[in-house]
Number of protein chains: 2
Amino acid sequence: MSIIRQTCTPACLFSGDRFSVTYRLFGSEQEARARAEDICIEQTVEFPNELCPEGIIRDHVFGRIESFAPRDADSFQAVVSYAVEIAAGELTQFLNVVFGNSSIKPGIRVEHLELPQSLLQCFKGPRFGREGIRGLLDVPKRPLLSTALKPMGLSSKELADLAYQFALGGMDIIKDDHGLTNQCCSPFEERVGLCAEAVQRANRETGRRSIYVANITAPHSEVMKRAGTAKDAGAGGLMVAPGIIGLDLMRELAGDDSIALPIFTHPALQGSFVTSRNGMSHGVIFGQLSRLGGADATIFPNFGGRFSFSHEECRDIVQSASVPMGHLRSIFPAPGGGMSLDRVPEMLETYGQDLIFLIGGGLFRHGPDLVENCRYFRKMVENIR
Amino acid sequence: MSIIRQTCTPACLFSGDRFSVTYRLFGSEQEARARAEDICIEQTVEFPNELCPEGIIRDHVFGRIESFAPRDADSFQAVVSYAVEIAAGELTQFLNVVFGNSSIKPGIRVEHLELPQSLLQCFKGPRFGREGIRGLLDVPKRPLLSTALKPMGLSSKELADLAYQFALGGMDIIKDDHGLTNQCCSPFEERVGLCAEAVQRANRETGRRSIYVANITAPHSEVMKRAGTAKDAGAGGLMVAPGIIGLDLMRELAGDDSIALPIFTHPALQGSFVTSRNGMSHGVIFGQLSRLGGADATIFPNFGGRFSFSHEECRDIVQSASVPMGHLRSIFPAPGGGMSLDRVPEMLETYGQDLIFLIGGGLFRHGPDLVENCRYFRKMVENIR
């Protein structure tokens, strides 16, 4: 017998609309099915099943297994649906329902998200997306070229000088390294002023529309301020690491009409979600969640580089960057590392033309003149058919 | 030859103070040492070693291996130090230096953090800590008793009725379930008003000082508003999931003098950091980082419950909840799940008396009268010597 009595919550509060999460569940069929059943409870009422009263809680609040099937030799796949109302229109609570407590249990991986329109409409999504960024840069078709200002320890003036050379050589997007915040070597306001100006100066010479992207990953109360400072200084985009500042703060930033700059996500601190079989798929965290959080481009480590992502995992990100999600625009995958001439065909085959090549060391290694090195890569990309 | 010239950044910007991170590195000695060397670069300049100029960048910005030794059969332990200046006094950038990019690489686990006073002073830490919470509740010595309001789907009135019974029965801390945010079944403002009032009403009858703890895990712009609403309604504490809202927002919340309520952290969405050998230790994420983020108590799944934490992992959390960290107060471990009479000796042995017992289903299972069930557990705890 349950101490909890029948709830007086009216059933009409629930629309019947549900969002669904595909979970990969490891173990035997019996173990995997037990995990699926556990998820329905753990992610919602978090209360002993047998103590829950009949009625609205079981009918609407519990998660529901929509399908369950073998996936491969050591895992099963379950689609679990949840009433949209339990997410309360909040991205934070949506994350909690998808994987809050289940993140603490072994053998569970979030593979895919499906949101009905009634939930999607709570999120504006990417303001620019692929087409918007192409429009800003006036590059209708070819892959985009991007690089990062580093190493940390250079002064703002030295970083701005690099930015100028990068833009002169034809890099479309010149971003702060994600470790540059507000260090004494290069305070934020000084850096963004000098770097934005340097890129604009190069643009006046080239006639192009390269942009400087400022890293505004910062303490909570600084993020919006730094966004405003960067915008006022003439930055053409903003970079944040949602794993550090929180996905929902990125969503608010992206939705702020007074800022209205494209948002680039950096994967810092998000690796633990994808480096074991527990966690989330690459597509969910770097693709679908980035879009729900309003990013316009998603930076991640390219396969074959110094990180560990596989070809298949990168493909998952690309697919999730443009999988249909209602009004949520498709976003640019921005694979970093491992860019060289001989890898271009393979990368195009994986990513298509709608990608941002993020090049680091390669620009410094090719030859002694940075501007010429940039021109070399730019020509390479312009010749892509 | 490097294109990057000697930096003009003056060396006097660096104080010589360094913080250090203990990493557990998996693989052979050669692999583990390579990982340690890679961390020194990846977490700082993220730039090819051979292209970095001599001088300030190598001398101060690079991470530095302070020690390297075998740990167990398949891992090594390296202590890497970083100049405090590269963290820029920001908790966000501190996190990024500790584990930003390295989180994306396999075989690396953050085991311990050591911060010098010059960095610790950037963070206020817990406002109350153990002694502060004991003072608020007027419970000088015994373990504290806590429970959660659930299941989701109950109305605010029904939840408040539970809160009243819990407080009447002697629960010290009555918190929202972490899935209760602002759902239609129980809108936030309505719930906190009714629940805070219910606990105060019970206190008037019992003469005790039980507190209602409101879950304010919410969209970014709502967190501080809900904190204020909860405070005004008479809530005695706040719960947030830093894995969802971001650790730094919790830090700001904890430091806000207009709120000044004890903060309880919930581990939702943080599981991926600890469920594989990549990630962070339980002590770092639930202990040390919670304290840097200003929490006064850290909720986590008890060993032997329905989650997967081991005895040793829980011990790590307890140690990190009180390991010396300058002015940062010790905080309460709040292990949840698995509470029953026969487990008390084992839990006391692990946690000592400075713990919060978080009891869920057990309160409903013991007998048909919720108030009596609470009294039973209360008596059990009062009899602890």
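Listing for the model above:
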quantity: On Cα atoms only, tilt of B:220-233 relative to the major axis of chain B in degrees; calculated: 30
quantity: Averaged over A:171-178, number of beta-carbon atoms from partner chains that fall within 10 Å; calculated: 1
quantity: GNM flexibility winner over chain B from B:ASP176, B:ASP257, B:ASP161 (Cα, springs under 10 Å); calculated: B:ASP257
quantity: Inter-copy separations for A:GLN30, label at 7 Å along Cα-Cβ, nm, ascending; calculated: 4.5
quantity: Cα centroid separation - region B:348-385 against region A:228-262, whole Å; calculated: 47
quantity: Residues B:ILE359, B:ILE174, sorted so that the one with the fewest Cβ neighbours within 10 Å comes first; calculated: B:ILE359, B:ILE174
quantity: Approximate spin-label separation A:THR206-A:ALA260, in nm, with each point projected 7 Å along Cα-to-Cβ; calculated: 2.6
quantity: Exercise: per-residue mean of other protein chain Cβ atoms within 10 Å, B:153-162; calculated: 5
quantity: Mean Cα-pair separation over length for region A:129-382, i.e. relative contact order, pairs under 8 Å, 6 or more apart, %; calculated: 21
quantity: FRET efficiency, A:SER28 to B:SER308 (Cβ-Cβ, R0 25 Å, nearest 0.05); calculated: 0.90
quantity: Shape category assigned to region B:129-382 from the gyration tensor of Cα positions, a/c cut at 1.5; calculated: rounded
quantity: Using a Förster distance of 41 Å, the FRET efficiency for B:GLU349-B:ALA69 (Cβ separation, nearest 0.05); calculated: 0.85
quantity: Proxy reagent accessibility, fewest Cβ within 10 Å first, across A:VAL61, A:VAL381, B:VAL84; calculated: A:VAL381, B:VAL84, A:VAL61
quantity: Proximal charge balance of B:LEU51 [Cβ under 13 Å; K/R count +1, D/E count -1]; calculated: +1
quantity: Zero-based 10 Å bins, Cα pair distances in the protein assembly as shown, whole percents; calculated: 3, 14, 25, 26, 18, 10, 4, 1, 0
quantity: Cross-link pairs B:LYS141/B:LYS175; B:LYS157/B:LYS231; A:LYS150/B:LYS225; A:LYS231/B:LYS231 - those with Cα-Cα distance over 28 Å; calculated: A:LYS150/B:LYS225; A:LYS231/B:LYS231
quantity: Listed residues A:CYS374, A:CYS184, A:CYS122, most fluctuating in chain A (Gaussian network, C-alpha, under 10 Å); calculated: A:CYS184
quantity: Teacher prompt: A:LYS379 distances to equivalent labels in other copies, 7 Å Cα→Cβ, nm; calculated: 8.9
quantity: Peptides ranked, highest mean first, by Cβ atoms within 10 Å: ranges A:143-151, B:285-293, B:215-223; calculated: B:285-293, A:143-151, B:215-223
quantity: Whole-Å distance, taken between Cα centres, linking region A:26-47 and region B:84-144; calculated: 33
quantity: Loop-resident sites, region B:1-91, for trypsin sites (Lys or Arg not before Pro), counting at most 12 other Cβ within 10 Å (DSSP); calculated: B:ARG5
quantity: Cα principal axis extents for region A:324-380, largest first, Å; calculated: 48, 20, 18
quantity: Counted charge near B:GLY129, where neighbours are those whose Cβ lies closer than 14 Å (Asp, Glu -1; Lys, Arg +1); calculated: +3
quantity: Long-range HN-HN contacts of A:ARG18 with modeled amide H, under 5 Å; calculated: A:VAL84
quantity: Other copies of B:PRO48: label-to-label distances in nm, shortest first, labels 7 Å along the beta-carbon direction; calculated: 6.3
quantity: Angle in degrees between helix A:156-169 and the longest Cα principal axis of chain A, rounded to the nearest 10; calculated: 80
quantity: Note, ³J(HN,Hα) from phi for region B:251-261, Karplus 6.51, -1.76, 1.60, rounded to Hz, x at Gly and Pro; calculated: 4, 5, 4, 5, x, 7, 5, 7, 9, 6, 10
quantity: Nearest-ten-degree value, helix B:311-320 long axis tilted from longest Cα axis of chain B; calculated: 80
quantity: Most mobile of B:VAL199, B:VAL284, B:VAL213 in a GNM of chain B (Cα contacts under 10 Å); calculated: B:VAL284
quantity: Interchain or long-range residues, amide H under 5 Å from B:SER330's placed H; calculated: B:ARG130
quantity: Calculated FRET value between A:ARG58 and A:ASP17, using beta carbons and R₀ = 25 Å, to 0.05; calculated: 0.90
quantity: Shape of region A:34-86, Cα gyration tensor, a/c cut at 1.5; calculated: prolate
quantity: Shape category assigned to region B:11-120 from the gyration tensor of Cα positions, a/c cut at 1.5; calculated: prolate
quantity: B:SER330, A:SER320, A:SER258, B:SER272 arranged by Cβ crowding within 10 Å, fewest neighbours leading; calculated: A:SER258, B:SER330, A:SER320, B:SER272
quantity: Loop-located GluC sites (Glu not before Pro) in region B:52-123 whose Cβ has at most 15 other Cβ within 10 Å (DSSP); calculated: B:GLU54
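Any read-out appearing in this document is the output of simple, stated calculations on the displayed coordinates, not a laboratory observation. Predicted, not measured: the structure shown is a model, and the values here were computed from it. Here Cβ is always computed from backbone atoms with ideal geometry, including for glycine, and neighbour counts include all displayed protein chains.
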